[in-house]
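Undergrad: One structure, pasted below without further comment.
Laboratory data are not the source of any read-out in this text; all were calculated from the coordinates shown. What you are looking at is a predicted structure, and each value in this text was computed from that prediction instead of being measured. As a convention, Cβ positions derive from the backbone with ideal geometry for all residues, glycine included, and neighbour counts pool all protein chains shown.
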Amino acid sequence: MYKSLTLLALLPSAFAHFVLNYPPSLGFNEDDEGTAPCGGAEISFDNTTDITVGSFSVASRSTHPQANWLFRVTTSTEEPYNWTNILPVVSQSGLGDFCLPALSVPASFVGQQGIMQITQGAVDGNLYQCAAVNFVEGSESAVPSQCTNATGITATLTTQSSLDGDSSTSASASASGSASATSSGAAASSSAAGAVRQVAGGLLAVLPAGLLLL
Ligand SMILES: [Cu+2]
């Protein structure tokens with residue numbers, strides 16, 4: 001706990017971790033971005049974004065060269081939130097705009113309001129952003145303008161269903177974070193890619209297609 005707070009305090013104030021560009025964030029405050037479930041933002045349904053359950057996009061911008069992402073939804077507004085994963089953990093490399101299109105959630109969400117949570121597991125811990133959404137039938141007719149991928153962005157699906165650690169388990173989180181971010185980075189990402197092809201080939205096909213939508 002103290003260790004991760006110290007790391008956050010050492011970051012330059014212009015270091016934005018990551019921002020959620022689409023759907024619109026419930027609020028971004030870089031000092032609070034490590035606070036679950038929504039980076040310090042209050043859950044509110046005053047401004048919701050319609051999300052077509054059959055196909056939608058999530059667009060972010062990252063200042064971390066390597067990160068793991070978890071995309072989840074819920075219709076609950078209270079602990080423990082009963083999250084549903086949109087994808088397994090996504091392992092991503094490269095700086096800047098990062099967008100995944102063609103995401104989907106079960107049709108059972110149609111007609112409900114909910115929260116979409118985007119968590120980035122990065123060198124400085126898990127960071128959180130949320131959007132208030134209104135789940136509707138259908139598929140996105142066009143990818144939103146915010147959905148672009150910076151040159152050099154790559155993403156692969158892992159077989160993990162949750163991110164390692166959080167602010168309450170700083171010891172293990174910082175150990176695994178530094179291992180994958182330094183010398184073992186290449187080996188870790190190539191073995192993750194192999195696992196993806198083996199276990200979830202169909203889903204992985206979504207990612208390169210999205211990267212062509214620039
Ligand atoms: Cu950061």
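Undergrad: As a footprinting exposure proxy, order Thr119, Thr35 by other Cβ within 10 Å, with the fewest listed first.
TA: Thr35, Thr119
Undergrad: Which value in nm describes the separation of the simple spin-label points at Thr75 and Asn47, placed 7 Å from the Cα toward the beta carbon?
TA: 2.5 nm
Undergrad: Within 10 Å, count the other beta carbons around each residue, average over each peptide in 75-82, 104-111, 19-26, and list them highest first.
TA: Averaged packing, sorted descending, gives the order 19-26, 104-111, 75-82.
Undergrad: Where does each of Asp97, Asp32 land when they are ranked from fewest to most other beta-carbon atoms within 10 angstrom?
TA: Asp32, Asp97
Undergrad: Could you give the Stokes-Einstein D for the range 15-144 in µm² per second, using the C-alpha Kirkwood radius, 10 °C, 1.306 mPa s?
TA: 109 µm²/s
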